[in-house]
Structures are given as structure tokens and as C-alpha cells.
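See below for the structure under consideration.
The values are calculated or read from the model by the stated rules, or taken from the named source; none is laboratory data. Here the structure is a predicted model, which means the values were calculated and not measured. Note: areas computed on protein heavy atoms with side chains; ligands, DNA, RNA excluded. Shrake-Rupley method; radii C 1.70, N 1.55, O 1.52, S 1.80 Å.
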Amino acid sequence: MFEYLRILREVKDTGTRKENRTGVATVSMTGAMFKHDLRNGFPLLTTKRMPIKTIFAELEGFIKGVTDKRWFQERGCHIWDEWCSPERVPYGNDKETKAKMAAEHDLGPFYGYQWNNFNGEGYTQLRDAIAELKVNPTNRRLIVMAWNPCQLKKMALPPCHFGFQLLSDGKYLDLCWFQRSVDTFLGLPFNIASYAMLLELVALETNLEPRYLVGHLDDVHIYENHSEQVDLQLTRAPYKLPIIVPLKNKPDWSIFDWNYTDYEITNYQFHPGIKAEVAV
């Protein structure tokens, strides 16, 4: 996926060193845009193996508004193991606090909670956006936000990808997402694949053709302890992109019925995985 590798190389070559709350410094640049046409294949990284079911399990949890860490863990998704609501355990990056955070299950009103119950007031943003898309596809107000200033201090992590917009001309469907903080080596490939599948799912329910996936990225960074992994990945030539198709499991299907295993994939060829530690 050349577009991703272009961003990765640009951060490496032009970024400046910055300190941050994790204690692991980054090389960071301000501003980048990712754009991909899904008609050319599903944007799943091929220069290292990607854990597809982990990515899709997290997405299913977001769609359904899950906030209990155990739900993700039961599906083999361990993205959120180290985090919890700061109301349960105040954030810290020392070993003792990290252990307490890992033991707590409540992730607070993050991502999917806001998509489905914004501010705890029953506002079903995602459901409402899809319903409006069906009757008024050219509406330019189909926006779903995870960023809720009233509840940020209750969330396991203030949303990195904090909102998205659905745009259509009545035939094609596009999705633009907005991201304040981008872990380019570990996180961005997950974000790309997750929003690509969300675009596929909404298009499937609304009988539109998925087209452009666009990411507007702000603080785009590489953690210093990922430097060697980035260098390795940039030596690898991408393979042809796979095709991933989400599946309906009943006639009156909606994306809220979708299960993370409900998809078919063809032609996923990839280089070996590259391990790296996430900065908490």
C-alpha cells in the first residue's frame, strides 16, 4: 500500500523530535492525508502481516457501543488490555499503575459509546446517520463524533480518531475520518483497515458502492522505539491488495448485526509480521 508507506517515509525523513505523556519520544510531523479508492482493493497492509480478526473485532465493539474490556478479550482482541477508565484507575505510566490499569475492565464512554449514546443522552449518531443516508444520500451533515469534551476525563483514552463523515452522490459512498494523534507504525494500518471495513458495511446496508476512504491526520508520529521496525518495513515491496467483502447473516440485516468473522477475503499476500511495543 504505497500511500501508507509514503506517509511513513515522510514522517521519518521530515519529522522533528517531540516528548509526550508516554515517556517515549516521537519523531513527529504536522498534517498528512491518506486517500484510497476501494475499487482498487481493500487497504490492508501487505508489507507486514495484519491481524484481521483483531481489527474487525474492535470495529464490531465500536459499532455496538461496547465499553467492557473483557468483551474484546473474549474475541482475541487485546488492543485495549493496558487501558481503563481514569475514573477507575487514574492514568500513570509507572509499572504499578500500569498493572492496576490492566486489571480494570471498564474503558469508560469512549468511541462506540459516543457513536451510540452520545454524552449518555441516547443520541444514536451512527444509526441516525445511516438512516438519513438511505433517504437523503447527498446530505453533507452525516457526521459521527467520538470527541465529547464533557466526558473525556472518563474515557480510557481521549479518542485519537475522533470523528468521521459519510459522503455520497447517490451511487458511491465515501468516508472521511479525522485523527488528532497518529501512531504511524502500529496504529495507522489498523485505523485504515477499520474505517475501510466500516465504509464497506455502511455501503452494504445502504445499497451504495464503496469508493474513497480519506484520512485527515494531524500529529503524525513514529515512536523512537519503532525506528528499526520502520526501516525494515520501508525495504519491503507491497503486494497486490486483497479483496475483503463483508457478509450479511439475515435478510433484514443491518451493520449492528455484523459479527467480526462475517467476511470473505481473497488474495491476501503479506510479508512477515514485525513486532513493536505500544506506548501506553
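Could you work out the relative contact order of the chain? I mean the mean sequence separation of Cα pairs under 8 Å and 6+ apart, divided by the number of residues, in percent.
In percent, rounded to a whole number, it is 27.
Over the chain, average the accessible area per residue using a 1.4 Å probe and give it in Å², no decimals.
46
Check which residues have an amide H placed less than 5 Å from A25's amide H, if you skip close sequence neighbours.
Under 5 Å from the amide H of A25 lie the amide H atoms of E224, each far enough along the sequence or on another chain.
Give me the base-10 log of I(q)/I(0) for segment 116-195 at each q in 0.18 Å⁻¹, Debye formula, one uniform scatterer per Cα, rounded to two decimals.
-0.85
If I take the Cα coordinates of segment 170-250 and project them onto the principal axes, what are the three extents in Å, biggest first?
Taking the Cα atoms of segment 170-250, the three principal extents are 45, 28, 22 Å.
Below 8 Å between Cα atoms, with a sequence gap of 6+, how large is the relative contact order for segment 145-280 in percent?
This gives 21 percent for segment 145-280.
Restricting to DSSP H runs of at least four residues, report the calculated mean residue ellipticity at 222 nm for the chain, -39500 (n - 2.57) per run over all residues, nearest 500 deg cm²/dmol.
It lands at -9000 deg cm²/dmol.
Among P238, P251, P86, whose mean-square fluctuation peaks in a Gaussian network model of the chain (Cα, cutoff 10 Å)?
Evaluated over the chain, the most mobile residue of the options is P251.
What fraction of the DSSP beta bridges in segment 138-214 is antiparallel, stated in percent and rounded to the nearest 5?
70
Thinking of the chain as a set of Cα atoms, what percent of all their pairs are more than 22 Å apart? Could the numbers behind the result be given before it?
Numbers: 22777 of 39060 pairs.
Percent of Cα pairs beyond 22 Å in the chain: 58.
Calculate the tail of P(r) for segment 43-92: the fraction of all Cα-Cα distances greater than 13 Å, expressed in %.
Values: 755 of 1225 pairs.
Taking all Cα-Cα pairs of segment 43-92, the fraction more than 13 Å apart is 62 percent.
Run the numbers for E74 and K53: contour at 0.36 nm per residue of separation, minus the present Cα-Cα distance, in nm.
Full extension of this stretch gives 6.3 nm more.
For a quick size check, give me the Cα extents of segment 1-107 along its three principal axes, largest first, whole Å.
41, 35, 22
Averaging over every viewing direction, what projected area does the convex hull of the Cα atoms of segment 41-187 cover, in nm²?
Projected over every direction and averaged, the Cα hull of segment 41-187 covers 10.1 nm².
Could you give me the ³J(HN,Hα) list for segment 161-168, computed from phi with Karplus coefficients 6.51, -1.76, 1.60 and θ = phi - 60°, whole Hz, x at Gly and Pro?
Coupling constants for segment 161-168: 8, 9, x, 8, 10, 9, 10, 9 Hz.
How much of the DSSP beta bridge set in the chain is antiparallel, as a percent to the nearest 5?
Rounded to the nearest five, the antiparallel share is 75 percent.
Give me the distance between the Cα centres of segment 181-253 and segment 135-155, rounded to whole Å.
If you average the Cα positions of each part, the centres end up 20 Å apart.
If the elastic network links every pair of Cα atoms under 10 Å, which of T206, T97, T46 fluctuates the most in the Gaussian network model of the chain?
Result: T97 has the largest fluctuation of those listed.
So what does log10 I(q)/I(0) come out to for segment 224-271 at q = 0.28 Å⁻¹, using the Debye formula with one equal point on every Cα and no solvent?
The calculated log intensity ratios at q = 0.28 Å⁻¹ are -1.00.
Using θ = phi - 60° and the Karplus relation 6.51 cos²θ - 1.76 cosθ + 1.60, list the HN-Hα couplings for segment 142-159 in order, rounded to whole Hz, with x at every Gly or Pro.
Each residue of segment 142-159 in turn: 8, 10, 10, 10, 9, 7, 10, x, 5, 10, 4, 6, 9, 8, 3, 8, x, x Hz.
So, how do all the Cα-to-Cα distances of segment 149-196 break down into 10 Å bins, in percent, from 0 on up?
21, 44, 27, 8, 0
Just F62, F118, F256 to compare: in a GNM of the chain, with alpha carbon springs under 10 Å, which one fluctuates most?
In the Gaussian network model the winner is F256.
For segment 3-42, take N as its residue count and report Rg(C-alpha) divided by 2.2 N^0.38 Å.
Segment 3-42 yields a ratio of 1.51.
Please report the carbon-and-sulfur percent of the accessible area for the chain; probe 1.4 Å, protein heavy atoms only, DNA, RNA and ligands left out.
That fraction is 50 percent.
Please list 3J(HN,Hα) in residue order for segment 20-26, calculated via the Karplus relation 6.51 cos²θ - 1.76 cosθ + 1.60 where θ = phi - 60°; whole Hz, with x for glycine and proline.
Whole-Hz 3J(HN,Hα) from phi for segment 20-26: 7, 5, 6, x, 10, 5, 10.
Can you tell me which lysines have their Cα less than 25 Å from the Cα of K275? Leave out same-chain residues fewer than eight positions away.
Here the lysines satisfying the reach criterion relative to K275 are K12, K18, K48, K53, K69, K95, K98, K100, K240.
Between Rg and the Kirkwood Rh of segment 121-280, both from Cα atoms, what is the Rg to Rh ratio?
0.99
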